Amino acid sequence: MTKHPHTVEKIGGTSMSRVHELCDTLFIGDRAGDALYHRVFVVSAFAGITNLLLEHKKSGEPGVYALFSNADNDHGWSDALNRVADAMRAAHAQVLDHPGDLAAADDFVRDRIEGARSCLIDLQRLCSYGHFRLSSHMAVIRELLSGLGEAHSAFVTATLLRRRGVDARFVDLSGWRDEGEHSLEDRIVQGMRDVDLSREMPIVTGYAQCVEGLMAEFDRGYSEVTFSKLAVLTGAAEAIIHKEFHLSSADPKIVGAENVVKLGHTNYDVADQLSNMGMEAVHPKAAKMLRQAGIPLRVTNAFEPHDPGTLIDDAEAGAARVEMVTGLGVYALELFEQDMVGVKGYDSAILEALTRHRVRIVAKTSNANTITHYLDAGLKSVRRVERDLAARYPTASLKARNLAVVAAIGRDLAGLRVLSRGLAALESAGIDPVAVQQTTRDVDAQFVVPRDRMEDAIRALHAVLVENRKTAPRLAA
């Protein structure tokens, strides 16, 4: 692999749906000749495709995977696969205009979709025999289906760029029809082995098939893991994530575009806090790889190519300040047990139940006889945990409340009196906080408020903790 200084850059699914526009900004823009190269691009599937292949990320509406795993209707999953094919063709029809390119993309979709269909039919037939269980193959099926979306978008992007005069190479890490087994590292090394970054632009699938099974550990965060591992293995000078917006002090839709401040520079500690609040600049495991390799991460707006965006590295803050205010809807699961005082085991039992039901913890508080976990989960999952704990502790009182955690985050909050100023701001806005806490590390302060007041709380805290900084550079609307 190359030893030339280069960047590894990732493009998300929403931006991918505008990939033809990115030719005029990100991929080509005002570059020519050598300036086009020394860049590796890792791409996600076009917007909505992975939802159709697996299940809708927010609504949970079943896709091909969910329908196949339930198998209530033998033809339901096949019909869903047809919808994926239609969506793929519609997606590349929006970005390709040459008849030959469109025909090649249609053929690519047909080959991958029909290949996947044959695989699923064969597996369904095999599992009709008692010795074989479909459940034991579902993790592999999830991996197979996931790879279809990224392979399609990478193929289309490389085709589009070649039509524009760029020597782009489609690098397929999805393991399609590959008979060998590879670790993630081997898969990436093999895919990049003979790529010359001085004269080629690799367009790499965000999904990589490997013996570790990316979906098992990272589920739909796998593309950022591929991106980070690729940056580390190739010795990238910088890793870059291109989004449709700048990483800024709050959601401009909530506080107003005229009031937000672009972060500009922060560190991996803040990135971890953002991830905890459901605003992933990068997956925590991916960030760990980059941090340990000493590779800085940059988050940019893909459609503003001359703006440097926000650099994330290990640098400490030059001065104490709140960098972002954000919120997340949660369920507060409270366990009260009068006999808890001085008794060990309650914490571990709760964590065991939460882990078993794959419920993510955002924050936690406790006192002598009460433990409260703030959970990023649906009500059904929370109720399952509640039932398990009620069975284990029949004399305990369990309560689940629909709330929101609003956090003020920064590299250094020492001396800013974030809690007292934040409480005053909430009181002025007529918001009664349910709980507040700030850790000894001074990187975040959390205000727990009623769910329906979350956006009001974000506006109130942002106005006091961020907008009052008169010297802060404003983010253009």
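The values are calculated or read from the model by the stated rules, or taken from the named source; none is laboratory data. Just so it is clear, the model here is predicted, and its values are computed rather than measured. Note that we place each Cβ from the backbone using ideal geometry, even for glycine, and neighbour counts take in every protein chain shown. Side chains are part of the model used for accessible areas, which takes the heavy atoms of the whole protein and leaves out ligands, DNA and RNA. Shrake-Rupley method; radii C 1.70, N 1.55, O 1.52, S 1.80 Å.
For Val42, which of the numbered conditions (1) loosely packed, with under 13 Cβ neighbours inside 10 Å; (2) outside any helix (DSSP H, G or I) fails to hold?
So Val42 meets the others, but not (1).
Considering only residues that are open to solvent by less than 30 Å² (accessible area, probe 1.4 Å) and of a type outside the set (Lys, Arg), which ones fall in the range 8-24?
First pass over the range 8-24, keeping only residues open to solvent by less than 30 Å² (accessible area, probe 1.4 Å): 8-13, 15-16, 19, 22-23.
Result: Val8, Glu9, Ile11, Gly12, Gly13, Ser15, Met16, Val19, Leu22, Cys23.
Quick check on this structure: which one of Leu398, Leu416, Leu426 is closer than 30 Å to Ala353 by Cα, open to solvent by less than 60 Å² (accessible area, probe 1.4 Å) and in contact (Cβ under 8 Å) with a residue 12 or more places away in the chain? Step through it out loud before you land on a result.
Values: Leu416 fails: closer than 30 Å to Ala353 by Cα; Leu426 fails: closer than 30 Å to Ala353 by Cα.
Result: Leu398 is the single residue among Leu398, Leu416, Leu426 that is closer than 30 Å to Ala353 by Cα, open to solvent by less than 60 Å² (accessible area, probe 1.4 Å) and in contact (Cβ under 8 Å) with a residue 12 or more places away in the chain.
In the range 292-306, which residues are open to solvent by 40 Å² or more (accessible area, probe 1.4 Å) and at pLDDT 90 or above? Can you show your working first?
Our first condition is that a residue be open to solvent by 40 Å² or more (accessible area, probe 1.4 Å); within the range 292-306, this holds for 292-294, 298, 303-306.
Once the filter is applied, which keeps residues that are open to solvent by 40 Å² or more (accessible area, probe 1.4 Å) and at pLDDT 90 or above, the range 292-306 yields Gln292, Ala293, Gly294, Arg298.
Which ones in the range 63-77 are modelled with pLDDT of 90 or more and touching a strand residue (DSSP E or B) at 6+ places or on another chain (Cβ under 6 Å)?
Gly63
Pairs under 7 Å by beta carbon, first residue in contact (Cβ under 8 Å) with a residue 24 or more places away in the chain in the range 17-32, partner open to solvent by 30 Å² or more (accessible area, probe 1.4 Å), six or more apart or different chains?
Filtered contacts from the range 17-32: Ser17/Ala47; Glu21/Phe303; Cys23/Arg164; Thr25/Phe303; Thr25/Pro305; Leu26/Pro305; Ile28/Arg164; Gly29/Pro305.
Can you name the condition, by its number, that Arg383 falls short on among (1) free of Cβ contacts under 8 Å to residues at least 24 places away in the same chain; (2) open to solvent by less than 30 Å² (accessible area, probe 1.4 Å)?
(2)
Please enumerate the residues belonging to the range 429-447 that are open to solvent by 20 Å² or more (accessible area, probe 1.4 Å) and on the phi < 0 side of the Ramachandran plot. Show your work before the answer.
Keep residues of the range 429-447 that are open to solvent by 20 Å² or more (accessible area, probe 1.4 Å), which gives 429-430, 432-442.
Result: Ala429, Asp432, Pro433, Val434, Ala435, Val436, Gln437, Gln438, Thr439, Thr440, Arg441.
May I ask you to list the residues in the range 125-163 that are at pLDDT 95 or above, farther than 18 Å from Ser223 by Cβ and out of contact with any His (no Cβ under 7 Å at 6 or more places or on another chain)?
Correct list: Thr159, Leu161, Arg162.
Please list, ordered by residue number, the strands (runs of 3 or more DSSP E) wholly in the range 165-254 having 1 or more residues that are modelled with pLDDT under 95 and open to solvent by less than 10 Å² (accessible area, probe 1.4 Å).
Where strands (runs of 3 or more DSSP E) fall fully within the range 165-254 and carry at least 1 residues being modelled with pLDDT under 95 and open to solvent by less than 10 Å² (accessible area, probe 1.4 Å), they are 238-243.
So in the range 352-375, with the set limited to residues that are among the aliphatic types (A, V, I, L, M) and out of contact with any strand residue (DSSP E or B) (no Cβ under 8 Å at 6 or more places or on another chain), which one is most open to solvent (accessible area, probe 1.4 Å)? Lay out the reasoning, then the answer.
First pass over the range 352-375, keeping only residues among the aliphatic types (A, V, I, L, M): 353-354, 359, 361-363, 368, 371, 375.
After this cut, where a residue has to be out of contact with any strand residue (DSSP E or B) (no Cβ under 8 Å at 6 or more places or on another chain) as well, the list is 353, 368.
Details: Ala353: 2, Ala368: 63 Å².
Among residues in the range 352-375 that are among the aliphatic types (A, V, I, L, M) and out of contact with any strand residue (DSSP E or B) (no Cβ under 8 Å at 6 or more places or on another chain), the one most open to solvent (accessible area, probe 1.4 Å) is Ala368.
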